Amino acid sequence: MSHTPNDLRDEFPEAVDVLHQLKIHDVHFAKLADTYHDLNREIHRIESDLEPASDARAEALKKQRLALLDDISEIVAKAKAA
């Protein structure tokens, strides 16, 4: 299996422990992380030509992923500051 780019550990390499703790102790964060993971896998399949999708669909998914990443980034920053 190939490496899927844009994994949360890749996005926040300095906060791997924080990500792990948030996934365990914060239900909202865990849900966001799971949704991000699912979107990321779908985008990767589309970009790898394993799953057909229109350009509009691919762009909509990327925008959704980016919005989730913004939310996740905010939570991670707050957790690191605490």
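Restricting R65, R9 to those that are assigned to a helix (DSSP H, G or I) and in contact (Cβ under 8 Å) with a residue 40 or more places away in the chain reduces the list to R65.
Checking each residue in segment 42-72 for being at pLDDT below 95 and touching a Ser or Thr at 6+ places or on another chain (Cβ under 7 Å) picks out only H44.
For V18, the conditions (1) surrounded by fewer than 14 Cβ atoms within 10 Å (Cβ to Cβ); (2) of a type in the set (A, V, I, L, M); (3) at pLDDT 95 or above are fulfilled apart from (1). Considered as a group, the residues in segment 65-79 that are charged (D, E, K, R) and in contact with a helix residue (DSSP H, G or I) (Cβ under 7 Å, 6 or more places away or on another chain) include one that is surrounded by the most Cβ atoms within 10 Å (Cβ to Cβ), and that residue is R65.
The values are calculated or read from the model by the stated rules, or taken from the named source; none is laboratory data. Quantities reported herein were computed from a predicted structural model and do not represent experimental measurements. In this analysis, Cβ positions are derived from the backbone assuming ideal geometry, glycine residues included, and neighbour counts consider all displayed protein chains.
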